[in-house]
Amino acid sequence: MKATLVIKNIDNLITLKGENKPRVKNSLKDIGIIKNGVIALDGEKIVYVGEGELPSDIIIDENTMFLDGNGKTVTPGLVDSHTHLVHGGSRENELAMKLKGVPYLDILAAGGGIHSTVKSTRESTFEQLYNKAKKSLDTMLGFGVTTIEAKSGYGIDDFDTELKQLEVANKLNTDHPVDIVSTFMAAHAIPKDYKDNPDEFVDIIIKDMIPKVAERKLAEFCDVFCEKGVFTIEQSRQILLAAREYGMEPKLHADEIEPLGGAELAAEIGCITADHLIAASDTGIEEMAKNTVIANLLPGTSFNLQTGKFAMARKMIDIGVPVALSTDYNPGSCPTENLQLIMSFASLIMKLTPEEVITAVTINGAAALGLESEIGSLEIGKQGDIVIFDAPNLEYILYHFGVNHVDTVVKKGKIVYRDNKIIN
């Protein structure tokens, strides 16, 4: 077989080789490091991963491109499996309120929070949303992210805006090197017009919105913000089970602020992920472990909200919950596209080891999107999504935080980012 791209002399080649399923407990630490590694690709796929030189059956010709991994650390492309990529406006005006200690739910009740972004997103044209989201997607790619999830949720009861968000994400998925998996999330807030009768809005989501989103094939997943003052456990259950009937697998914003029982619900209905989980109960965490629900943890949100509360990541790992890490990029609670910074937060604040961190943003992030058989590890037959970090080892990436360590990004076998710029 031939090689169209070869990366050789790699000081630390982190393969994440193993079973195509979420990693738990000790398997989170088994990251498959190869010293003096070499990796070869033929088109979009990986054809060889090993140590030293390429075997003789890998054909090299004048068209083969070589990259030198000397002094570098190479990993699978990073996966940001929880973002709110497509939105209008920004919310820097809320910074002063947060610094004064105003709780997020109070900001939301006063018309800020999600409601502020809903207004901005409704007022934005398709082109404005596309251009803003593309700029953020470019930034994510520069930080080594090759696949993301993108939620709607800033139209809520304005279904045209929900569709607009999903259509922007789908067009970017076609136009941009980063792959985008879409999630329908009209159940992101209770609209003001339904404040006194939220069940009516739930019925609209179930009977009107979900079938139309499914008909247009605009989303792979459905998500609900299950929280005090937003959607109840029963409302969340109804929405997610209805979405599953239409082919959208369930995700859940669970127990972010109050211990409402979201983790238990995610386990009960078999959500692919439960996200946030800052206030999750011990029982909920145990049920998630039993049902292999991935805990998608978002330490950047905890950091930005200044509550001092973070998800109990160590307890989750020790019990056997598979853990992923994401930015939660959004204009309010976590306005950052920097997944490397989130990785450092997870290590420095949540006490995850470097091995657990890289697993959480590669193979477990891929599993959080149902893509663990295609991406998330560097193995023969998998998609050639690769990051070359200008770092001597994995620990250095987390230790030297707040900067971008990416040297080169390869997506589907093509160099798409190098020398601090995107390559078309």
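The values are calculated or read from the model by the stated rules, or taken from the named source; none is laboratory data. Owing to the predicted nature of the structure, the values given are computational and were not obtained by experimental measurement. Backbone-built Cβ (ideal geometry, glycine too); neighbour counts: all protein chains shown.
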For this session: Answer yes or no as to whether GLU200 is at negative phi, surrounded by fewer than 16 Cβ atoms within 10 Å (Cβ to Cβ), in contact with a helix residue (DSSP H, G or I) (Cβ under 6 Å, 6 or more places away or on another chain) and of a type outside the set (Lys, Arg).
Result: yes
For this session: Check whether at least one residue in region 206-226 is among the charged types (D, E, K, R), touching a residue at least 40 places away in the same chain (Cβ under 8 Å) and surrounded by 23 or more Cβ atoms within 10 Å (Cβ to Cβ), and report yes or no.
Result: yes
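Does region 111-120 contain any residue that is of a type in the set (Val, Ile, Thr), touching an Asp or Glu at 6+ places or on another chain (Cβ under 9 Å), crowded, with 18+ Cβ neighbours inside 10 Å and within 22 Å of HIS253 (Cβ to Cβ)?
Yes, some residue in region 111-120 is of a type in the set (Val, Ile, Thr), touching an Asp or Glu at 6+ places or on another chain (Cβ under 9 Å), crowded, with 18+ Cβ neighbours inside 10 Å and within 22 Å of HIS253 (Cβ to Cβ).
Conditions (1) more than 26 Å from LYS315 (Cα to Cα); (2) touching a Phe, Trp or Tyr at 6+ places or on another chain (Cβ under 8 Å); (3) not assigned by the TED database to the domain that holds THR327, marked per residue:
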site: ASN20; (1), (2), (3): no, no, yes
site: GLY32; (1), (2), (3): no, no, yes
site: ASP42; (1), (2), (3): yes, no, yes
site: LYS45; (1), (2), (3): yes, no, yes
site: GLU51; (1), (2), (3): yes, no, yes
site: PRO55; (1), (2), (3): yes, yes, yes
site: ASN63; (1), (2), (3): yes, no, yes
site: GLY69; (1), (2), (3): yes, no, yes
site: ALA109; (1), (2), (3): yes, no, no
Seminar exercise, completed: Those residues of region 22-54 which are free of Cβ contacts under 8 Å to residues at least 60 places away in the same chain, charged (D, E, K, R) and assigned to a strand (DSSP E or B) amount to LYS35, GLU51
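Rundown of residues vs (1) modelled with pLDDT of 95 or more; (2) among the charged types (D, E, K, R); (3) under 20 Å from TYR399 (Cα atoms); (4) in contact with an Asp or Glu (Cβ under 9 Å, 6 or more places away or on another chain), yes/no style:
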{"position": "GLU287", "(1), (2), (3), (4)": "yes, yes, no, yes"}
{"position": "GLY308", "(1), (2), (3), (4)": "no, no, no, no"}
{"position": "ARG314", "(1), (2), (3), (4)": "yes, yes, yes, no"}
{"position": "ASP318", "(1), (2), (3), (4)": "yes, yes, no, no"}
{"position": "GLY332", "(1), (2), (3), (4)": "no, no, no, yes"}
{"position": "LEU341", "(1), (2), (3), (4)": "yes, no, yes, no"}
{"position": "SER344", "(1), (2), (3), (4)": "yes, no, yes, no"}
Problem set entry | strands (runs of 3 or more DSSP E) wholly inside region 309-424 that include at least 2 residues being outside the structural domain of VAL49 (by the TED database), surrounded by fewer than 21 Cβ atoms within 10 Å (Cβ to Cβ) and β-branched (Val, Ile, Thr) | none
